[in-house]
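The values are calculated or read from the model by the stated rules, or taken from the named source; none is laboratory data. Please read all numbers here as calculations on a predicted model, not as lab measurements. Note: ideal-geometry Cβ built from the backbone for every residue, glycine included; neighbour counts use all protein chains shown. SASA here: full protein model, heavy atoms, side chains in, ligands and nucleic acids out. Shrake-Rupley method; radii C 1.70, N 1.55, O 1.52, S 1.80 Å.
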Amino acid sequence: MSRTQVAIIGAGPSGLLLSQLLHTCGIDSVVLERRARAYVEARIRAGLLESGTVALLNQAGVGARMMREGLVHDGVELAFDGRTHRIDLKALTGQQMMVYGQTEIQKDLADAHAAAGGRVLWQAEEVAIHDFDGHTPRVSYRHAGARQQIECDFIAGCDGYHGVTRASVPAGRITLHERVYPFGWLGVLADVAPVADELVYVNHARGFSLCSMRSMNRSRYYLQCPLDDSLDSWPDARFWDELRARLPEKYAARLVTGASIEKSIAPLRSFVAEPLRFGRLFLVGDAAHIVPPTGAKGLNLALADVGVLHQALVEHYRAGSETLLSEYSARALARVWKATRFSWWFTTLMHRFSADTFAYRLQLAELEYIAQSEAAACAFAQNYVGLRPPH
Ligand code: APR
Ligand code: PHB
């Protein structure tokens, strides 16, 4: 049986960042990941970072390429009823956003982790966690054909929504809150110049759309679509036609189309598990909560959890104190619920839920209110750039 201080399940952004931050403080960890490294790095996910997330990646020493290649955005546009309104995030909050793909973060983390001699067991099968209520938790798994075990002080469940750690908590000790939305997002990545310098969120009678980007020559576009649509029914030409139909005129005229390099349909869901600590097991990131992508809070929330848990573990190992460990769940959830509320609200404001014209007119009224009231714009901007933790 081998030993480590912190056993981390999952080598997504949460697991790798936690391991890297712990390493910079001299705390030993082992990461167990079900998939191969190439598979994890090929997943196309979000790409919009709050300044707190940028700071944390820099603190972990993995931010150099992001600072060189990432695009800094001072504002964001809301489009509705044929018009556009820019929210000046920087003027309203003093903060900016960073466009940098999660795929790139994943590579930067894995490279830095490997360079620092960090241990990731890629393709670890049958991972199971044991005795997390006792003093010496264990993780068992199969790797390279052999069954093995690791003894540890703590287990960090960074294994995403479908992971094993949350599922290992007895049902009576965990509460799950969930909302499933009646549509999905059809996403396309294409090597074409984006229609605008900043992101554009579009409320349209035909359905929501979003113009995002990964660089000034790689665009990421999304369309609200029925949940049961298949990719076969969305050849590139239909995607571009539908996007053009939903864009305000000035952007429709500027839209550059091209072959898609990735296309996928994702369902939208809100999900929060409570609490996030069970003895010596901590749930982190997507294992603990999911938000719909409207507003791009998922990755930011996940990495904020990592920051809070990292601080708590450092305090434990340096000062022998349990205080921050015992506060992890409440501190992380305080931010999670506010971002869950914002993501639900922004989703509700921008999507077509039904043919109900009353609901549509209310959306337009609220968007007009945001466009004319600095207080309303400020409330939007504060949530969009990320609310700071309460303590
Ligand atoms: N054993 C080992 N690894 C597992 C297991 C298991 N039983 N189950 C899942 N995993 C791995 C997955 O293969 C995945 O690589 O855990 C990892 C979880 O990574 P993510 O799903 O990316 O979750 P997280 O690291 O919390 O990332 C934050 O927020 O909104 C999102 O897009 C955002 O994916 C990002 C996430
Ligand atoms: C993305 O670029 O993938 C993205 C950006 C903003 C969002 C959601 C997704 O709100």
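Listed values, structure above:
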{"item": "Backbone N under 15 Å from the Glu126 label point (7 Å along Cα→Cβ), restricted to region 134-158", "result": "139-150"}
{"item": "Sequence-distant residues sharing a close amide H with Gly295 (under 5 Å, placed H)", "result": "none"}
{"item": "Beta bridges by DSSP in the chain, antiparallel share as percent, to the nearest 5", "result": "75"}
{"item": "Peptides 301-314, 37-50 ordered by average Cβ neighbours within 10 Å, highest first", "result": "301-314, 37-50"}
{"item": "Whole-Å distance, taken between Cα centres, linking region 108-175 and region 308-354", "result": "21"}
{"item": "GNM top mover of Thr340, Thr53, Thr175 - the chain, alpha-carbon springs below 10 Å", "result": "Thr175"}
{"item": "Top positive-direction residue, dipole computed over region 120-279 with Cβ charges, set Pro194, Tyr161, Phe271", "result": "Pro194"}
{"item": "Rough spin-label spacing in nm, given labels placed 7 Å along Cα→Cβ, for Ala38 and Asp356", "result": "4.9"}
{"item": "Simple Cβ-charge dipole of region 199-266, Lys/Arg +1 and Asp/Glu -1, about Cα centre, in debye nearest 20", "result": "380"}
{"item": "Dipole magnitude (debye, nearest 20) for region 11-126, charges at Cβ of Lys, Arg, Asp, Glu", "result": "120"}
{"item": "Cβ-Cβ FRET estimate between His135 and Ala115, R0 fixed at 41 Å, reported to 0.05", "result": "0.75"}
{"item": "Computed label-point distance, nm, for sites Gln149 and Leu364 using a 7 Å Cα→Cβ extension", "result": "6.6"}
{"item": "Percent carbon-and-sulfur accessible area, the chain, ignoring ligands, DNA and RNA, probe 1.4 Å", "result": "52"}
{"item": "Relative packing of peptides 274-283, 225-234, 63-72 - highest average C-beta neighbours within 10 Å first", "result": "274-283, 63-72, 225-234"}
{"item": "Expected 222 nm ellipticity per residue - DSSP helices of 4 or more, -39500 (n - 2.57), all of the chain, to 500", "result": "-11500 deg cm²/dmol"}
{"item": "Test item: Cα-centred dipole of the chain, Lys/Arg +1 and Asp/Glu -1 on Cβ, debye", "result": "140"}
{"item": "Sequence-distant lysines (8 or more away, or on other chains) whose Cα lies within less than 28 Å of Lys107", "result": "Lys263, Lys297"}
{"item": "Under the Karplus curve 6.51 cos²θ - 1.76 cosθ + 1.60, θ = phi - 60°, whole-Hz ³J(HN,Hα) for region 127-133, x wherever Gly or Pro sits", "result": "5, 9, 10, 9, 6, 6, 8"}
{"item": "Phi to ³J(HN,Hα) by Karplus 6.51 cos²θ - 1.76 cosθ + 1.60 over region 219-235, Hz, x for Gly, Pro", "result": "9, 10, 10, 9, 10, 4, 9, x, 4, 8, 5, 10, 4, 4, 7, 10, x"}
{"item": "In sequence order, calculated HN-Hα J values of region 303-313 (Karplus, 6.51, -1.76, 1.60; Hz; x Gly/Pro)", "result": "6, 5, 4, 4, x, 5, 5, 4, 4, 5, 5"}
{"item": "Euclidean distance of C-alpha centroids, region 208-268 and region 1-43, integer Å", "result": "34"}
{"item": "Solvent-accessible area per residue for the chain (1.4 angstrom probe, square angstrom)", "result": "41"}
{"item": "Val127 long-range amide H proximity, modeled H, under 5 Å", "result": "Arg142"}
